[in-house]
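Presented below is the structure to which this report refers.
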Amino acid sequence: MSRPSPSRPRRSRRVLRVPSFAKVNLGLEVLGRRQDGYHELRTLFQTIDLADEVALRPRPAAEGVTVECDHPLVPRDGTNLAAQAAEALRRYARVEAGVHIAIRKRIPVGGGLGGGSSNAAAVLRGLDHLWRLGLGPSGLHLLARKLGADVPYFLVGGTALGLARGDEVYPLRRQVRSHVVLVDAGMPVSTAAVFRRLDGSLTPRENSNSIFYFVSRDLEGKRELRLLANDLERAALDEAPRLKEWAGRIRDVLVQEGAELAALTGSGSTYFGLFEGAQPARRARAALRAAGFAAIGARTLSLAQYRKAWSRSLVR
Ligand code: C5P
């Protein structure tokens, strides 16, 4: 990757607002442990239209990178992944400018919906535009990988296969289009803790093939969502015993109301259902709320819709 020459940022003081969408993992297979301490994964990512708002306000270079967020669990210092993304890009492209990042959270925190990673990718893309670096998603990929395993996916979006640490991302030709019901259990789960717990019981799953099968059937024009599973689910439920009590009921309601797929996303704690129609999705939401759960309605975002949302926000 060749470094861009030092850049003089856009003079404008205008705030740039960029979308920062959530993802779900339609399926997730853990194939084994890697030398670098991470795990070798095979996963199917899907962006949904639930999004945080990220506002980037140009600041003088002396003010550096600052961040604010309206959610109490999100750090407001240099440990915030969005701030780290801005610092990394500033150093890499030798930009003499500061930026203030304001994040309005809509995506549940610690829910397996990729909010922090999505915020970081949004900052990379937004600042690439604001600072006129011209790197684009491919030029930002290496920086994104260093920030976190899920960050590269958010440079792409849509329905995509994730390999290696989840940071090798390949969009699928046929994109999933569904209504989505998310159940926010309101109990953040640590991804690192779930992987650690899994290590105690991990038997190599090189032969696991449900995602392979899904992709093959997809190429034939068939949709086999029901085959998909999440290898992190058991460890996540052991990590969050209260979620374990609820998981069966949440899944039952989603399935009873006709979900094509009812699953845990990432390392949890959010469950989701995919529905072909708006009506069953509405019914599922109502049934879950009646049972005392916080249910959120959303739609999947295809690769084309994701790109469109980004180009709309960058031309403004
Ligand atoms: O890369 P990121 O910081 O998002 O990952 C959070 C944690 O999840 C890592 O520290 C690691 O413990 C675990 N992880 C893993 N294998 C992956 C992705 C994440 O072990 N492929």
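The values are calculated or read from the model by the stated rules, or taken from the named source; none is laboratory data. Fair warning: this is a prediction, and the values are worked out from it, not measured in the lab. Cβ placement follows ideal geometry from the backbone for every residue including glycine, while neighbour counts extend to all protein chains displayed. Heads up: the accessible areas ignore ligands, DNA and RNA and are worked out on the full protein's heavy atoms, side chains in. Shrake-Rupley method; radii C 1.70, N 1.55, O 1.52, S 1.80 Å.
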Q: Sum up the charges of everything whose Cβ sits under 11 Å from the Cβ of residue 197, counting Lys and Arg as +1 and Asp and Glu as -1, but leave residue 197 out.
A: -1
Q: Please give the net charge around residue 235, taking every other residue with its beta carbon less than 10 angstrom from that of residue 235, where Lys and Arg add +1 and Asp and Glu add -1.
A: -2
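In square angstrom, what is the accessible area per residue of segment 16-172 with a 1.4 angstrom probe?
Numbers: 5600 Å² over 157 residues.
That works out to 36 Å² per residue.
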Q. When the dipole is taken about the Cα centre of segment 179-299, and only Lys, Arg (+1) and Asp, Glu (-1) are charged at their Cβ, what size is it in debye, to the nearest 20?
A. 360 debye
Q: Quick one: check the C-alpha center-to-center distance for segment 148-173 versus segment 53-129, whole angstrom.
A: 20 Å
Q. Could you give me the ³J(HN,Hα) list for segment 41-50, computed from phi with Karplus coefficients 6.51, -1.76, 1.60 and θ = phi - 60°, whole Hz, x at Gly and Pro?
A. 10, 9, 9, 10, 8, 8, 7, 10, 8, 6
**Q.** For q = 0.10, 0.14, 0.15 Å⁻¹, Debye-computed log10 I/I(0) when each Cα of the chain counts as one equal scatterer
**A.** -0.56, -1.07, -1.21
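Can you give the longest run of the chain that contains no GluC sites (Glu not before Pro) sitting in a DSSP loop with at most 16 other Cβ atoms inside 10 Å?
On the way: sites that count: 96, 206, 220, 224, 276.
Between the exposed loop sites, the longest stretch runs 97-205.
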Q. Rg and Dmax of segment 179-299, Cα atoms, in Å?
A. 15.1, 42
Q: Would you work out what percent of the accessible area of the chain, with all protein chains in place, is carbon or sulfur (probe 1.4 Å)?
A: 48 percent
Q.
Suppose all protein chains stay in the model; what accessible area per residue would a 1.4 Å probe give for segment 179-299, in Å²?
A. 50 Å²
Q: Report Rg (one decimal) and Dmax (nearest whole number) for segment 83-184, counting Cα atoms only, units Å.
A: 14.5, 44
Q.
Based on the alpha carbons, how large is the Rg to Rh ratio for segment 17-127 when Rh follows Kirkwood?
A. 1.02
(Q) Run the Debye formula on the Cα coordinates of segment 92-249, all scatterers equal and no solvent, and tell me log10 I(q)/I(0) at q = 0.09, 0.16 1/Å. (A) -0.39, -1.16
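With +1 on the Cβ of every Lys and Arg and -1 on the Cβ of every Asp and Glu, and nothing else charged, how large is the dipole of segment 16-172 about its Cα centre, in debye rounded to the nearest 20? Walk me through the numbers before you get to the answer.
Details: 19 positive and 16 negative charges, 41 e Å.
Dipole about the Cα centre, nearest 20: 200 debye.
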